[in-house]
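The values are calculated or read from the model by the stated rules, or taken from the named source; none is laboratory data. In this text the structure is predicted, and so the values were computed from the model without any measurement. Cβ sites come from the backbone with ideal geometry, for glycine too, and all protein chains shown count toward neighbours.
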Amino acid sequence: MTFHIHTYGCQMNVRDSEAVCAMLEAAGHIRTGSEDDAELVIVNSCTVRQKAEEKAVGKCGNLCARPGRMVGLMGCAVKRLGADVFARIPGLDFAVGPRAFWMIPRIVGELQAQGRPHAGKPANRLELYDGSDVPVGLDAHADSSSEGSPGAFKSYVTVLLGCDNRCSYCIVPDVRGREYSRPAEEIVAEVGCLASRGVKEVCLLGQSVLRYGVGNPVWRDSVDVDPDGFREAFPRLLHALNGIDGIERIRFTSAHPNGCTDELVRVFRECRKVCRHMHLPVQSGSDRILADMGRRYSRAGYLEAVAKLRGLDPEFAVTTDVIVGYPGETEEDFEATRSLMEEAGFDNAFVFKYSPRPGTRAALLEDSVPQAEKERRDQVLLADQERRGLERNGRLVGTVREVLAEGPSLRNRMRWSGRDSGNRIVVFEPSRRMAPGDLVDVEITEAHPQVLVGRLA
Ligand code: 5AD
Ligand code: SF4
């Protein structure tokens with residue numbers, strides 16, 4: 001069958017969609033560029049906020065309203081809705097939770113054997129598998145890239161499934177299940193294999209990736225230290241990956257401030273390939289709100305983590321997520337977030353308006369901040385960040401940044417864009433022989449809040 005996948009949500013979903021693409025192709029199905037000529041359309045859903053869920057579910061509903069093809073929903077919203085998903089989306093053929101994506105080729109095959117998509121709509125299929133035995137490795141994704149995925153020279157690698165943090169507002173632990181860290185040797189082998197296929201940059205994925213190896217052992221000799229003295233599982237993994245020929249850059253996301261240990265800082269200092277960027281969601285700058293959220297750090301503790309990174313390199317890029325309008329957030333709490341963002345000097349920030357998620361601890365509290373006030377706080381923080389982003393980027397004018405060239409820029413096809421170690425977007429005029437995936441030196445000539453412009457040095 002011809003198929004197409006729409007992906008909503010985070011990098012984890014992008015990665016899971018890539019895996020499904022590759023597995024469907026391996027089973028003989030053919031990927032199409034758009035949904036119009038696909039006999040099978042799959043929507044990979046997010047449920048982190050109500051709006052995100054509505055988008056994915058709405059898209060899926062529209063697809064099902066036009067009969068004649070097979071439609072499946074995968075991802076986080078499926079786990080939240082359970083069997084109700086079929087009442088919400090009449091005509092849906094199958095629904096598969098975030099840890100069951102690898103079962104899709106089999107389910108599609110079985111439905112096809114029943115004569116779908118053309119032979120009416122008999123029993124639909126729901127799969128909510130929640131175990132740890134998820135084949136997320138290389139075999140599962142071969143040479144794939146899907147919507148929103150980086151090119152062939154960049155690859156995501158899932159290292160940690162699920163999440164055991166219990167932040168009061170967050171539905172992710174309910175939908176993505178318990179933490180499970182993949183064996184380190186398996187990850188090292190996978191990255192080695194990617195390198196041999198020409199991948200230059202890997203991004204290690206986990207909901208709280210610095211907890212890698214905390215819940216289950218990942219190194220066969222996990223009581224020992226490695227020859228260079230790395231003891232903690234994640235720094236040790238980064239150090240091992242840094243030694244793989246062909247890999248030029250190693251990134252990871254998302255990080256919890258409590259995992260920002262001295263050993264992790266040592267990795268940034270000693271391992272050239274580990275990029276100097278951390279996405280370090282702070283959520284709030286108010287100690288009272290942080291405690292209520294169950295974040296397990298204080299404002300001071302967070303700023304200390306940032307200071308450690310900037311002490312190593314003043315241009316170390318720190319980006320963040322912030323929630324405005326958490327239940328009971330006062331003007332004073334909000335101003336604390338505002339001032340924390342200034343003190344931390346974030347290079348970029350994503351601001352989210354609090355959205356109650358059923359089953360979470362915060363959903364039991366009154367959603368006390370009116371929508372209009374959430375909007376206002378959102379706008380204030382975004383305006384602050386525009387100015388701050390311009391200031392931070394302005395400091396780089398006149399310096400030379402090493403950039404991984406990605407290809408023609410979306411806005412101006414005469415120019416190329418790429419990213420520096422801090423994940424900053426850099427736009428420049430390419431040379432004639434340049435290929436995507438090349439590392440080039442670019443002298444920065446112009447700064448914008450979210451983009452740097454430069455010329456080849
Ligand atoms: N409401 C609003 N934002 C949320 N996030 C997580 N849960 C919620 C929620 N219930 C945000 C957090 C997280 C990002 C991925 O989404 O900031 O870091
Ligand atoms: Fe959305 Fe969270 Fe699921 Fe990612 S893990 S798709 S952000 S709900």
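Observations on the model:
- Number of the condition not met by residue 364 [criteria: (1) away from ligand 1 (no atom under 16 Å from the Cβ); (2) surrounded by fewer than 16 Cβ atoms within 10 Å (Cβ to Cβ)]: (1)
- Set side by side, the residues 295, 395, 387 differ, and just one is buried (at least 20 other Cβ atoms within 10 Å of the Cβ) and at pLDDT 95 or above, which is 295.
- Options 382, 365; residue that is modelled with pLDDT of 95 or more and under 27 Å from residue 314 (Cα atoms): 382
- Scanning region 367-381 for residues that are of a type outside the set (Gly, Ala, Ser) and surrounded by 13 or more Cβ atoms within 10 Å (Cβ to Cβ) returns 367, 369, 373, 374, 375, 376, 377, 378, 380, 381.
- Screening residue 7 against (1) without any contact (Cβ under 8 Å) to a residue 40 or more places away in the chain; (2) farther than 23 Å from residue 363 by Cα leaves a single unmet condition, (1).
- Subset of region 312-344 (residues that are touching a helix residue (DSSP H, G or I) at 6+ places or on another chain (Cβ under 8 Å) and assigned to a helix (DSSP H, G or I)): 312, 333, 334, 336, 337, 338, 340, 341, 342, 343, 344
- Selection status of residue 290, touching a Ser or Thr at 6+ places or on another chain (Cβ under 7 Å) and not aromatic (Phe, Trp, Tyr): yes
- Condition met for residue 75 (touching a strand residue (DSSP E or B) at 6+ places or on another chain (Cβ under 8 Å) and within 16 Å of ligand 1 (Cβ to nearest atom)): yes
- Counting only helices (runs of 4 or more DSSP H) that sit completely within region 1-110, those holding 1 or more residues that are at pLDDT below 95, surrounded by 24 or more Cβ atoms within 10 Å (Cβ to Cβ) and within 16 Å of ligand 2 (Cβ to nearest atom) correspond to 11-26.
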